[in-house]
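Asker: Got a structure for you, questions after.
The values are calculated or read from the model by the stated rules, or taken from the named source; none is laboratory data. Predicted model only: the values in this text are computed from it and were never measured. Note: ideal-geometry Cβ built from the backbone for every residue, glycine included; neighbour counts use all protein chains shown. Accessible surface is based on the protein model in full, side chains and every heavy atom, while ligands, DNA and RNA are left aside. Shrake-Rupley method; radii C 1.70, N 1.55, O 1.52, S 1.80 Å.
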Amino acid sequence: FPVHVAANLGCKLYIATNAAGGLNPDFIVGDLMVITSHIGLFLPSPLTGPHHDFSTNDLFQPQSTEYDPALRKVFRQLDPTIREGVYVAVTGRAYETQAECVLLRKFGADAVGMSTVPEIIVATNRGMKTLGISMITNVIAKDGTNATNHEEVMEVLNSRKLEEKLFRVFRNFFKKAY
């Protein structure tokens, strides 16, 4: 709903951010990852239902225009530690099991979370350029063990170090991109 409101107000750019578990073993806590593509296998499509008007859009939306390449390039140039990768969204309210983490890695996912994909699909459908940024709040062990908990994730998200990094990177992004 908020994405539709933003589109109706004339928003041309939609930036989705999320907290994510790092599936890529090269990631470290506090990394920022620019999303290049996503996997949303476990989510219903946000383009279904009575709220969507297909009279002005194709019935089936291509998924090749999400995560604008030019915006990704600008963002990546802001800090040499910024990563790039594939984000997978799961329905959540529970962190992933060891077997799920192993499977998601085999699918090619670099980070896992519980949001972003539906918003990006709707924003793209509504004609906005999109950018997705994951904040890596925990790194999942090579064997798939995901030993995090909500308190650890919130501690990373509320850290002064991450706050300063986000402020610096986004301030510079808007200076360069707009």
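Asker: Calculate the FRET efficiency for VAL102 and LEU41 from the Cβ-Cβ distance with a Förster distance of 22 Å, rounded to the nearest 0.05.
Answerer: Using R0 = 22 Å, I get an efficiency of 0.90.
Asker: Under the √(5λ) rule applied to the eigenvalues of the Cα gyration tensor, what semi-axes describe the equivalent ellipsoid of the range 75-177? Give them in Å, descending. Show your work: numbers first, answer last.
Answerer: Numbers: eigenvalues 123, 71, 35 Å².
That gives 25, 19, 13 Å for the three semi-axes.
Asker: Show the residues, 5+ positions off or on another chain, whose built amide H is closer than 5 Å to the amide H of ALA19.
Answerer: For ALA19, the qualifying residues are MET135.
Asker: A further question follows. How much of the accessible area of the chain, probe 1.4 Å, is carbon plus sulfur, in whole percent?
Answerer: C and S atoms contribute 58 percent here.
Asker: Provide the per residue accessible area, probe 1.4 Å, for the chain, rounded to a whole number of square angstrom. Working shown, then result.
Answerer: Details: 9790 Å² over 178 residues.
I get 55 Å² per residue for the chain.
Asker: Further question: Using Stokes-Einstein with the Kirkwood hydrodynamic radius over Cα pairs, what translational diffusion coefficient do you get for the chain at 20 °C and a viscosity of 1.002 mPa s, in µm²/s rounded to a whole number?
Answerer: The Stokes-Einstein estimate is 127 µm²/s.
Asker: I want the local charge near PHE27. Using Cβ-Cβ distances under 13 Å, sum +1 for each Lys or Arg and -1 for each Asp or Glu among the other residues.
Answerer: Numbers: positive: ARG83, ARG105, LYS142; negative: ASP26, ASP31, GLU84, ASP110.
Local net charge: -1.
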